[in-house]
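The structure appears below as structure tokens.
The numbers here are math on the coordinates, done by the rules we state, and not lab data. Computed from a predicted structure; not experimentally measured. Here Cβ is always computed from backbone atoms with ideal geometry, including for glycine, and neighbour counts include all displayed protein chains.
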Amino acid sequence: MKKLVSVIVPCYNEEDSIGFLYKELDSVSKNLKTRLEIIFINDGSTDKTLFRIKELTKKDKKIKYISFSRNFGKEAAILAGLEAASGDYITVMDADLQDKPSLLIEMVKILEEGEYDCVAARSISRHGYSFLRKNLTKLYYKIINKISKTEIVDGARDFRLMTRQMVNAILKLREYNRYSKGIFSWVGFNTKWITYESSERVAGKSKWSFWKLFKYSLESIIGFSTLPLSIASLVGVIFCIISFIMIIVIIIKTLILGDPVAGWPSLVCIIFLVSGIQLFCLGIIGQYLAKMYLEIKNRPIYIIKETNIREYEKENKEI
Ligand code: UDP
Ligand code: MG
């Protein structure tokens, strides 16, 4: 039997893009030597996304869909897709056609050769992003790669084709705070990078506001590095040493020169500085604690409201 490729598509308010993506995938599937299944994850869209997906499902029996009870975020959608995928090769793709479906043909060829477990796309250009966002993104990749042991490749997208073995490994990572790029890299396996020019969205707007992206990058740093915690303790040690030296200097000075009341301004400055640093370090610890709190609660990462997986499975057994 031919191999099966599962295409996971997280969708959040993508009513206009889905049709284009489906057409594109349909034409790609004709050029593939494998079979194709599409898994749409409706991540709590407030527009007609679910309706459009259901329309497609009626037309094409090779489509699975999962609809969440609310917006759980792209990471949760990717996880749901990976869990529902039954393919030998599995890929994650944006609904907006920024990831070119036609690349799948080349990706499947590379995996078929057997040397690699994963083919991942890296975009060289960042079309449609502002100057500030481009540069901040570059800076972010520099920082995270300096401080984290897991390599996060600059320009890497979530778009990649993986073998079943690699996906099974990813599914073993049950963390609540998910950062896919880090997780894909953490599980290891041989990854081949292919570079391409990402294009602009076919329709709709990017779901990432500047603030959302900033928070996401901070979360990934906390999720994949404990260096901020070490910095906090290091700063504490340095300040203890400095204050110890200062105490000795003050004692000696008092013994020699007496005790004139002076140095108020500098004292106030020092108190402010030190308490500021203390709060900063407490804040860092707090961030990790908050993440632990969320992990310990062990809540489900997503909640499914509606799906056609049962029907899909029945249908495919009969074939
Ligand atoms: N997405 C999602 N849930 C969200 C935000 C985004 O499922 O909360 C989906 C979105 O529909 C798209 C993909 O994730 O298919 C990437 O989002 P987007 O295109 O907005 O990001 P960008 O390409 O600008 O980084
Ligand atoms: Mg996009």
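Can you tell me the convex hull volume per residue for the range 234-296, based on C-alpha atoms, in Å³ to the nearest whole number?
On the way: hull volume 5.2 nm³, N = 63.
So the per-residue Cα hull volume is 83 Å³.
About the Cα centre, and with charges only on the beta carbon of Lys, Arg (+1) and Asp, Glu (-1), how big is the dipole of the range 178-319? Nearest 20 debye, please.
Dipole about the Cα centre, nearest 20: 260 debye.
If each residue of separation counts as 0.36 nm, what is the full-extension length gain between Lys146 and Arg70 once their alpha-carbon separation is subtracted?
On the way: separation 76, 0.36 × 76 = 27.36 nm, distance 3.59 nm.
Length difference between fully extended and current span is 23.8 nm.
Which Cα, out of Ile143, Ala262, Trp208, lies furthest along the positive dipole direction of the chain (beta carbon charges, K/R +1, D/E -1)?
Trp208
If each of Ser199 and Arg174 carries a label point 7 Å out from its Cα toward its Cβ, how far apart are those two points in nm?
4.2
Could you give the length gained by full extension between Cys240 and Glu83, i.e. 0.36 nm per residue of separation minus their alpha carbon distance, to one decimal place?
Numbers: separation 157, 0.36 × 157 = 56.52 nm, distance 5.04 nm.
My answer for the length gained is 51.5 nm.
So what's the range 206-319 giving for Rg/Rh, alpha carbon basis, Kirkwood Rh from the mean inverse pair distance?
Expressed as Rg/Rh, it is 1.36.
GNM, the chain, Cα, under 10 Å: largest mean-square fluctuation among Asn168, Asn145, Asn13?
Sorting by GNM fluctuation, first place goes to Asn168.
Give me Rg over Rh for the chain, both radii from the alpha carbons and Rh done the Kirkwood way, two decimal places.
That ratio equals 1.14.
Going by amide H atoms built from the backbone, whose H comes under 5 Å of the H on Ser45, apart from near neighbours?
Amide H neighbours of Ser45, under 5 Å, 5+ apart: Asn13.
Springs between alpha-carbon pairs under 10 angstrom, Gaussian network model over the chain: which of Asp88, Asp99, Asp43 fluctuates most?
Comparing Asp88, Asp99, Asp43 in a Gaussian network model of the chain, the most mobile one is Asp88.
Treating each Cα of the range 1-119 as an identical point scatterer and ignoring solvent, apply the Debye formula and state log10 I(q)/I(0) at q = 0.10, 0.23 Å⁻¹.
Here log10 of I(q) over I(0) equals -0.28, -1.40.
For Leu132 and Leu267, what is the calculated FRET efficiency with R₀ set at 51 Å and r taken between the beta-carbons, to the nearest 0.05? Intermediate results must be reported in sequence, preceding the final value.
Working: r = 40 Å, r/R0 = 0.79.
Step by step, r from the Cβ atoms, then E = 0.80.
Can you classify the range 135-279 as rounded, prolate or oblate using the Cα gyration tensor, where a ≥ b ≥ c are the square roots of its eigenvalues, rounded means a/c under 1.5, and otherwise it's prolate if a/b beats b/c and oblate if not?
It comes out prolate by the Cα gyration axes.
What stretch of the chain, leaving out the sites themselves, is the longest with no GluC sites (Glu not before Pro) in a DSSP loop having at most 16 other Cβ atoms within 10 Å?
Maximal segment without exposed cleavage sites: 201-319.
Find how much the distance from Lys61 to Leu218 grows on full extension, using 0.36 nm per residue of separation minus their present alpha carbon separation; answer in nm with one decimal.
52.4 nm
Rounded to the nearest 500 deg cm²/dmol, what is the calculated helix-only ellipticity per residue at 222 nm for the chain, with -39500 (n - 2.57) per DSSP H run of length n ≥ 4?
That calculation yields -17500 deg cm²/dmol at 222 nm.
Rank Phe159, Phe272, Phe68 by mean-square fluctuation in a GNM of the chain with C-alpha springs under 10 angstrom and give only the top-ranked residue.
Judging by the Gaussian network model, the answer is Phe272.
Whole-Hz ³J(HN,Hα) for each residue in the range 283-290, computed from phi via Karplus 6.51 cos²θ - 1.76 cosθ + 1.60 with θ = phi - 60°, x for glycine and proline: what do you get?
Running phi through 6.51 cos²θ - 1.76 cosθ + 1.60 with θ = phi - 60° gives x, 4, 4, x, 4, 5, 4, 4 Hz.
Simple spin-label model, 7 Å along Cα-to-Cβ: Phe20 to Leu139 in nm?
3.2
So who's got an amide H within less than 5 Å of the one on Glu37, skipping anything under 5 residues away but keeping other chains? H placed 1.01 Å off N, in plane.
Close amide H contacts, sequence-distant or interchain: Val5, Ser6, Val7.
Compute the FRET efficiency between Thr226 and Phe51 as 1/(1 + (r/R0)^6), taking r as their Cβ-Cβ distance and R0 = 41 Å, and round to the nearest 0.05.
Taking R0 as 41 Å, the efficiency between Thr226 and Phe51 is 0.35.
What is the distance, in nm, between label points placed 7 Å from the Cα along the Cα-to-Cβ direction at Val153 and at Tyr288?
With each label point 7 Å from Cα toward Cβ, the separation is 3.0 nm.
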